[in-house]
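What follows is a single structure, written as structure tokens, with notes after it.
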Amino acid sequence: MLLTMSQFAIALVLSILHALPPGLHTARDEVLRLAPEDAAILLLVQNARGSIRDLTESPFGVWFPNTAAGKLLLSSPEVKQLRESATMILGELGTTPQSVIDEIVGDAVLFAYSPAPSDRPTEERAVLLLRPRKLGALQQLIDNLNAAQRKSGELKAVLRKEHAGMSYYERQLPQARSEFYCFRAGVFAFSSVEADILAVINRDQALPPVTTAAPESLRRLQKLGVAEAVVVVSVNPRQLDAELKAKVAVAAPDERRFLEKFSQIWSSLKAAALYLKLDTNAELGLSLQFHTEQIPADLRSWVTGSRSPRGGERLIPQNALIGLTGQATAVEVLELLASFAPVQPDKADLKEWLAQSLGPVVGKDKLPQVLKSLGPDWAIWAEEPAAGAFLPTVVAAIKLSGEGMERVVTEAAIRQAFESAFQLARVAYNTEHDDQIEVVDSKDPQTGTLVKSLVNVKGFPPGVRPSFAIAKGYLVLATTPDAILRFRVQPEVPSADHATIARLSGTKSRAYLLNHGPRLAKFLAGLGIGEEKDLIQQIDLIAAGLELIDTAEVITRGDKNGIRVAVRVVPAKPLKK
């Protein structure tokens, strides 16, 4: 990469690892002001100093070293080596990791990068901008570094140069290489390309101070809703257009249609950012803003529009280990997949393949109506194992839409299709195995719901009886009939500014792994997934990680111009007092 000064790399890594919510907006604004507006990627880390203090003093920070995951991480060779290397290198330069955080990188660090154009491979651009708390501490560190590298032969000379009446410096390295840096408006700038440093000086002279005008890049982050995030990776789509266009031009036929469709969405993308927000909880997400009128019409509703709790969320019970939900009819999902799927002249497209596969089972004349009726609310989740079992109970439910005779015909077609599938599975299995599958009916005495199950006491794992039913207006499938009989639609979800599309209970999932991990590992080893001993170790590691998490959710927020998708984690203990 273009940056080679090891102490700045170490400082940047430490600031990312320890950063938490921002508190010094002026530092952020000052580095953004000097950053190139046309950079393809901006990596911003802010307020490391206050964040480390908050984390250290938080209930989570006090508790973490005593957890299994904390002990494993803090005692790992990699972490020990990082600590020792940082202490040794910075010690030789007359400072410490804590001083670097407190005095140098604790306010704001920004890295701007643009890849080289395909026709000019040597024109890669990168600049590091750092706003120290104590400018003198950074100057002393650089002087010490220069002296140490001159002594070791890693640095030949440091030359003072001028541009537009302002000073900057060239670090001349062996083999005719150079690095450049300057100090402007309290910000340190560093690059291995001289033009990037000259551009920093030019921007400082041309742009108004942050006290009178917000930098354009800051306004972009504010529109994305990520300006206050601890870590932001901002992407300028237009700087990557040429690279995507080149990939489409040379794509193989089976990839071209997907890339062409993706390029249509990309062309409509105004701005994008990955971000990390930390308060008492944590949120890691992706924020996208579009030129709405340029989005392909068939994709507009998928990437824009407000999000709020939906019916699918009400299907997942509170005691679920993990769940996934959404809102889309089968027809909408099919249309989305078909728009991206490759088209080959000698093969059926996705819709034709589906008609050929499911048409004879459901009825070719009924298939369009069935696909239209499946949805929009659906969910799939895992619960605690049934009594005497060790595998989680897995349940899937999808709403059946429609009214009157249309609904009656749809339900009959779906029931007939699954009954046929169960019988075909039974015959296929029984032909090849001595243990035999039976199709067994059971009925809910209260509602009269008929549940059909595949039963094989010898061949199936304990508690596993694949089942299906049409219950309470939903097609419900589960690994045990009891789960269908207790299926309920939960009370209405409280109003919120987001929709939840996935949820994990760290507490319940960890308890499951601790209780059933050895049997699960033995079962997975029997399927050829891995060695039983290795699987037990992996399960133990996952359980150790889950100790840190109370719940984790994938949520979406949106408006008419874009969408934000995030993983929101509630830790076992708060990250802040």
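Checking each residue in the stretch 504-516 for being within 27 Å of the chain's Cα centre (by Cα) and either open to solvent by less than 60 Å² (accessible area, probe 1.4 Å) or β-branched (Val, Ile, Thr) (or both) picks out Leu504, Ser505, Gly506, Thr507, Ser509, Ala511, Tyr512, Leu513.
Does Phe290 qualify as being open to solvent by 50 Å² or more (accessible area, probe 1.4 Å), more than 30 Å from Gln490 (Cβ to Cβ) and out of contact with any Cys (no Cβ under 7 Å at 6 or more places or on another chain)?
Details: open to solvent by 50 Å² or more (accessible area, probe 1.4 Å): no; more than 30 Å from Gln490 (Cβ to Cβ): yes; out of contact with any Cys (no Cβ under 7 Å at 6 or more places or on another chain): yes.
In short, no.
Residues checked against (1) among the polar types (S, T, N, Q); (2) surrounded by 15 or more Cβ atoms within 10 Å (Cβ to Cβ); (3) in contact with a Lys or Arg (Cβ under 9 Å, 6 or more places away or on another chain):
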position	(1), (2), (3)
Glu260	no, no, no
Pro296	no, no, yes
Ala320	no, yes, yes
Ser339	yes, yes, yes
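Starting from residues that are outside any helix (DSSP H, G or I) and in contact with a strand residue (DSSP E or B) (Cβ under 9 Å, 6 or more places away or on another chain), keep the ones in the stretch 209-226 and report whichever is most open to solvent (accessible area, probe 1.4 Å). The extreme case among them is Gly225.
Which ones in the stretch 132-143 are open to solvent by 70 Å² or more (accessible area, probe 1.4 Å), part of a helix (DSSP H, G or I) and either under 15 Å from Ala108 (Cα atoms) or touching a strand residue (DSSP E or B) at 6+ places or on another chain (Cβ under 6 Å) (or both)? Of everything in the stretch 132-143, just one residue is open to solvent by 70 Å² or more (accessible area, probe 1.4 Å), part of a helix (DSSP H, G or I) and either under 15 Å from Ala108 (Cα atoms) or touching a strand residue (DSSP E or B) at 6+ places or on another chain (Cβ under 6 Å) (or both), namely Leu135. Here Val230 qualifies as among the β-branched types (Val, Ile, Thr) and crowded, with 21+ Cβ neighbours inside 10 Å. Tell me whether the stretch 531-544 contains one or more residues that are open to solvent by 40 Å² or more (accessible area, probe 1.4 Å), at pLDDT 95 or above and in a loop (DSSP other than H, G, I, E, B). Yes - at least one qualifying residue is present in the stretch 531-544.
Within the stretch 536-577, the set of residues being basic (Lys, Arg) and over 24 Å from Asn515 (Cα atoms) comprises Arg557, Lys560, Arg564, Arg568, Lys576, Lys577. The residue that is surrounded by the most Cβ atoms within 10 Å (Cβ to Cβ), counting only those in the stretch 545-577 that are of a type in the set (D, E, K, R), out of contact with any Lys or Arg (no Cβ under 7 Å at 6 or more places or on another chain) and assigned to a strand (DSSP E or B), is Arg568. So, in the stretch 448-486, how many residues would count as being of a type in the set (Lys, Arg), surrounded by fewer than 19 Cβ atoms within 10 Å (Cβ to Cβ) and under 17 Å from Ile414 (Cβ atoms)? Qualifying residue count, the stretch 448-486: 1. Among residues of the stretch 472-522 being of a type in the set (Asp, Glu) and in a loop (DSSP other than H, G, I, E, B), the one that is farthest from Lys443 (Cα to Cα) is Asp497. Given the structure, is Thr280 among the hydroxyl-bearing types (Ser, Thr, Tyr), touching a Leu at 6+ places or on another chain (Cβ under 9 Å) and surrounded by fewer than 20 Cβ atoms within 10 Å (Cβ to Cβ)? Yes; evaluated as a whole, the condition is true for this residue.
Applying the selection to the stretch 319-337, what residues are part of a loop (DSSP other than H, G, I, E, B) and either under 23 Å from Leu354 (Cα atoms) or of a type in the set (Val, Ile, Thr) (or both)? Those that are part of a loop (DSSP other than H, G, I, E, B) and either under 23 Å from Leu354 (Cα atoms) or of a type in the set (Val, Ile, Thr) (or both): Ala328, Thr329.
Can you tell me which residue is most open to solvent (accessible area, probe 1.4 Å) among those in the stretch 164-196 that are in a helix (DSSP H, G or I) and among the charged types (D, E, K, R)? Break it down stepwise before answering.
Kept after step one, since they are in a helix (DSSP H, G or I), are these residues of the stretch 164-196: 194-196.
Within this subset, residues satisfying the condition of being among the charged types (D, E, K, R) are 194, 196.
Values: Glu194: 55, Asp196: 18 Å².
Here the residue is Glu194.
Of all residues in the stretch 144-163, those being open to solvent by 40 Å² or more (accessible area, probe 1.4 Å), within 24 Å of Ala199 (Cα to Cα) and either in a helix (DSSP H, G or I) or touching a helix residue (DSSP H, G or I) at 6+ places or on another chain (Cβ under 6 Å) (or both) number 2. Scanning the stretch 402-429 for residues that are part of a helix (DSSP H, G or I), free of Cβ contacts under 8 Å to residues at least 12 places away in the same chain and either on the phi < 0 side of the Ramachandran plot or surrounded by 13 or more Cβ atoms within 10 Å (Cβ to Cβ) (or both) turns up Met405, Val408, Ala412, Leu424, Val427, Ala428. Against the list (1) charged (D, E, K, R); (2) farther than 29 Å from Glu255 by Cα; (3) within 32 Å of the chain's Cα centre (by Cα); (4) open to solvent by 20 Å² or more (accessible area, probe 1.4 Å), the condition Asp349 fails is (2).
Within the stretch 438-447, the set of residues being open to solvent by 40 Å² or more (accessible area, probe 1.4 Å) and in a loop (DSSP other than H, G, I, E, B) comprises Pro445, Gln446, Thr447.
The values are calculated or read from the model by the stated rules, or taken from the named source; none is laboratory data. All of these numbers come straight from a predicted model, not from anything done at the bench. Note that each Cβ is placed from the backbone with ideal geometry, even for glycine, and that neighbours are counted across all protein chains shown. Keep in mind that these areas ignore ligands, DNA and RNA; they rest on the heavy atoms of the full protein, side chains included. Shrake-Rupley method; radii C 1.70, N 1.55, O 1.52, S 1.80 Å.
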